[in-house]
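Each remark here refers to the structure printed beneath this line.
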Amino acid sequence: MIIPAVAAGWLATRYGAKRFLLCAMMINSVVGCLIPTLAAFGSIWVIICRGIQGFCNGFVLPSLYALFGKWIPAYERSRCMGFIYSGGIIGVITSNLLSGYVANTEFGWPAIFYMYSIFGIMWCLLFWIFGENSPASHKTISQEEKKYIQLSLSTQEKKKLATPWKKIFTSTCFLSLIIAECGDHFAYYLLVSQIPNYLKHIVKLGISNNGLISSLPHIVSWILIYILSYISDKLISSQTLSITATRKSVAAVGIIVPAISLTALAFCGPEDNIKAIIFLVVGLSVETAVAYSGIYVNSVDLSPNHAGILGGICNQFSKLCSALGPVVVHFVLTSDVNLNQWKTLFFITTAVKFCTGTVFVLFGSAEIQPWNYEIDISTKSAKPAKDYVAVETTEVNSTGL
């Protein structure tokens with residue numbers, strides 16, 4: 001998943017995100033359907049299939065970011081992207097429920113792969129029919145909606161974009177975003193992977209209750225995403241706060257609340273199981289909701305035209321940092337029943353999240369960067385997608401024309 005992220009962002013920006021997103025999802029679905037059959041020929045084939053799926057998944061997020069930059073005005077960005085990201089949370093919850101049920105049918109575990117592959121292929125068919133790279137190239141949306149989106153982004157026709165790599169990697173606000181996303185992924189994946197162990201060995205929950213409590217942060221974060229997204233867009237559209245102030249305010253919530261919750265969690269023992277569960281759910285759900293509704297949208301804020309590239313870069317670095325979580329757990333948590341070691345683990349997670357989030361609050365921005373508009377006039381041989389260059393404006397209100 002990590003390897004193609006930056007390249008995928010550039011390709012989606014340069015040649016149109018629809019084709020890459022569609023191909024990635026279709027290949028992923030078809031390969032998933034083959035896994036049960038190929039598993040009979042040895043585990044190496046399963047590993048190869050999973051490798052192909054991981055490679056294709058690396059194109060999904062950057063392609064989505066490229067589409068976000070062309071379709072979502074600033075006044076609706078938190079709500080739209082929050083709604084889209086919440087689909088992943090719903091997917092986790094429903095897949096956990098469906099997989100167990102399907103595996104117990106007469107078709108057995110292979111039916112799980114067939115079911116999700118069919119879902120994926122159905123999505124590809126719908127996206128092929130209804131999806132487009134930009135409002136300008138969409139044939140079925142109303143003229144009123146198309147005009148509203150284009151005016152909100154103040155689009156310019158058929159401009160060929162240069163990719164200002166040096167300016168991107170020397171942009172203070174973008175570097176602060178990378179750091180914030182790295183801290184978020186590190187904290188999120190570490191906590192998610194260790195919640196069942198903590199609930200089992202410290203809180204002393206049984207297997208059935210453990211599964212239920214482990215899913216609670218996902219359910220609560222799903223609700224919070226809608227609340228925070230709505231509040232963010234209202235603050236922006238009413239001009240109560242600027243986009244930058246709104247993003248930083250949301251990020252501050254994502255620093256303070258998880259820091260308090262995880263610190264309190266570190267001092268909970270087996271006798272404080274109810275408190276521990278509350279602190280755990282609050283800390284992780286707020287951290288997740290803030291990331292989806294206030295942090296990840298910032299790539300599109302900084303450069304709608306290069307959102308796919310920025311999203312790919314952030315995704316690549318943050319996934320690498322998420323892999324550090326198991327390493328930290330290996331060295332810190334040598335005994336699952338040692339409360340002091342759990343305290344150390346929570347303190348480390350809190351410190352990483354606090355420091356990386358503070359960098360974003362201090363140095364981040366949601367203003368469109370000057371390099372967003374750079375036009376490539378030197379390359380004549382390339383044939384990028386005939387699309388529109390997004391040049392965002394705040395002159396259109398959030399309710400329409």
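Since every read-out is calculated from the coordinates, none of them should be taken as a lab result. Since we're looking at a predicted model, the values are computed, not measured. So basically every Cβ, Gly included, is an ideal-geometry build from the backbone, and we count neighbours across all protein chains shown.
Observations
- Candidates I179, S137, I274 compared by Cα position along the dipole of the chain: farthest toward the positive end lies S137, with charges placed on Cβ.
- Principal axes of region 82-195: Cα extent on each, largest first, Å: 56, 40, 22
- Cα long-axis angle, helix 110-130 against the chain (0 to 90 degrees, to the nearest 10): 20 degrees
- Computed over region 19-146, the alpha-carbon pair-distance distribution with 10 angstrom bins reads 11, 33, 34, 15, 6, 0, each value a whole percent.
- Equivalent ellipsoid of the chain: semi-axes from √(5λ) of the C-alpha gyration tensor, largest first, are 36, 28, 19 Å.
- Exposure proxy ranking for R247, R14, R19, based on other Cβ atoms within 10 angstrom of each Cβ and starting from the fewest, stands as R19, R14, R247.
- Pairs from the list K18/K139; K200/K275; K18/K167; K200/K343; K204/K353; K70/K167 with a Cα-Cα gap above 18 Å: K18/K167; K204/K353; K70/K167.
- For q = 0.16, 0.18, 0.28, 0.31 Å⁻¹, Debye-computed log10 I/I(0) when each Cα of region 218-258 counts as one equal scatterer: -0.42, -0.52, -0.97, -1.04
- Placing +1 on each Lys and Arg Cβ and -1 on each Asp and Glu Cβ, with no other charges, gives region 5-373 a dipole about its Cα centre of roughly 840 debye.
- Long-range HN-HN contacts of L161 with modeled amide H, under 5 Å: D376
- Cα long-axis angle, helix 307-322 against the chain (0 to 90 degrees, to the nearest 10): 20 degrees
- Directionally averaged projected area (convex hull, Cα atoms, region 292-369), nm²: 6.1 nm²
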